[in-house]
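Contents: one structure, followed by commentary.
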Amino acid sequence: MALNTGSTGTTPVSNNQKGYLFPLILVTSLFFLWGLAYGLLDVLNKHFQDALKVTKARSTLLQAAYFGAYFLIALPAGIFMNKYGYKKGILLGLFLYAGGAFLFFPSAQMASFDFFLVALFILASGLTCLETAANPYVTVLGNPATSEFRLNLSQCFNGLGSFIGPIIAANVFFNEAAGQDSSDLSSVRMVYVIIAVIVLFIALLFWRTHLPEIKESEMVSDKTQDTKPLFQHSHFVYSVVAQFFYVAAQVGIAALFINYCTEARHDIDNAKAAYLLSVSLLLFTLGRFVGTALMRKIAPNKLLAFFAIINIFLCLIVIWGKDWFSVYSLMTIFFFESIMFPTIFALGVKDLGHHTKKGSSFQIMSIVGGALMPYFMGLLAEGGTAKAYIIPLFCFVVVAWFGIKGYKIKKTPIGL
């Protein structure tokens, strides 16, 4: 990374930047791991509707368990990292991830949806620790002026994991047990045991690697900002709100994607819809690479607002459109939502100084939007899945506002 010689005065990190490359690569691998877990989740949603005979609304409890963990565990994870540092926070997350994945074995043996929810909650608790650690760590692991670019680049590999997940699921879940015997969940068991073993191997690599601890207070461009209480940073507060609604939109859109496609076109079955979801997540990944490149020329907040406005119009087509045109519009939403999470995150934690870890915790807690909104979308979907996409439309309005106004860092303290 280039040495920052601008007016911000953030030179303390420049002396150590040569030692940041391998830790950055290793931490970026975590983004792939939780992307893979998320890519599998949305196919499990539809798979369990068929295999375990649960309703659309009940199946969204998978999202509630997964993203509810983010709400409950993020703050304790931040407190843990404040005391023990980024590395131990990452190791804790990896062990929880592996433990939850191993629990899919007895869950499949018992064919118990409730047990799957418990296993998923534990797995997601591990992901919460990883995200609480990795997202802010990437923003401070280099030049602060390029934090949004760096986080979007790492998040590209999250998109890659999300793309591969549905491909695995479509080939394993729908082409084997699900099509022959609804009570046979051996394919789910096998996939998650393999994931658990891989995660433990990554944990070993982290355990044997030195990760530099960084003093975030040394990286604040305006030193007076570091003295302000966390919730007097208005851009941070607004970022938490924007993140809540963005994740609500992202999770809800993907959770009911297969349902929407199979209703829009009768010649689309579950397996084909899962492949379309995988293509959509490929667009998501491509959007991250394209968006990251565009941030070299366009301010991150402006690109965020522009992409959100496009998605508002695409949601209108999804709600009132028909046939393949509406399906393609739904798939295109993934491209334009791609940069939203990392951009909101990086804009929200900028100049938080010693509040960075705690601020990261609240940002991750806001992912609870992904636990709440899909359930309401599921209720609306009982009368036709297209109606449910009114909720993501509203969510993108909030994101657009943050990109236009809410992201601005105010230099003087404000009231709550």
- Message: Considering only residues that are aromatic (Phe, Trp, Tyr) and either crowded, with 22+ Cβ neighbours inside 10 Å or touching a residue at least 12 places away in the same chain (Cβ under 8 Å) (or both), which ones fall in the stretch 327-341?
- Response: PHE334, PHE335, PHE336, PHE341
- From the list GLN109, GLN49, pick out the single residue that is crowded, with 17+ Cβ neighbours inside 10 Å, among the polar types (S, T, N, Q) and farther than 15 Å from ASN135 by Cβ. GLN49
- Item | Number of the exception - LYS297 against (1) over 18 Å from the mean Cα position of the chain (by Cα); (2) in contact (Cβ under 8 Å) with a residue 40 or more places away in the chain | (2)
- Being within 17 Å of the chain's Cα centre (by Cα) and β-branched (Val, Ile, Thr) is the filter; apply it to the stretch 132-170 and report the residue that is surrounded by the most Cβ atoms within 10 Å (Cβ to Cβ). THR132
- Task: Look at PHE206 and say whether it is under 27 Å from LYS405 (Cα atoms) and either modelled with pLDDT of 85 or more or surrounded by fewer than 16 Cβ atoms within 10 Å (Cβ to Cβ) (or both).
- Result: no
- Message: Can you report the number of residues in the stretch 295-332 which are over 20 Å from LEU283 (Cα atoms) and aromatic (Phe, Trp, Tyr)?
- Response: 1
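Of the residues TRP324, TRP401, TRP320, which is closer than 28 Å to SER154 by Cβ and surrounded by fewer than 21 Cβ atoms within 10 Å (Cβ to Cβ)? Steps first, answer last, please.
On the way: TRP324 fails: closer than 28 Å to SER154 by Cβ; TRP320 fails: closer than 28 Å to SER154 by Cβ.
Residue meeting the stated conditions: TRP401.
In this structure, does ILE73 turn out to be buried (at least 18 other Cβ atoms within 10 Å of the Cβ), over 17 Å from GLY35 (Cα atoms) and within 18 Å of the chain's Cα centre (by Cα)?
For ILE73, the condition - buried (at least 18 other Cβ atoms within 10 Å of the Cβ), over 17 Å from GLY35 (Cα atoms) and within 18 Å of the chain's Cα centre (by Cα) - is met.
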- Among TYR38, TYR97, which is closer than 27 Å to ARG208 by Cβ and assigned to a helix (DSSP H, G or I)? TYR97
- Task: For ALA57, state whether it is surrounded by 20 or more Cβ atoms within 10 Å (Cβ to Cβ) and either free of Cβ contacts under 8 Å to residues at least 60 places away in the same chain or part of a helix (DSSP H, G or I) (or both).
- Result: no
- Take the residues of the stretch 215-236 that are buried (at least 17 other Cβ atoms within 10 Å of the Cβ) and under 24 Å from the mean Cα position of the chain (by Cα): which is modelled with the highest pLDDT? PHE236
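The values are calculated or read from the model by the stated rules, or taken from the named source; none is laboratory data. Note that the coordinates shown come from a computational prediction; the quantities given were computed from them, not determined experimentally. With ideal geometry, Cβ positions are generated from the backbone for all residues, glycine too; neighbour counts draw on all protein chains shown.
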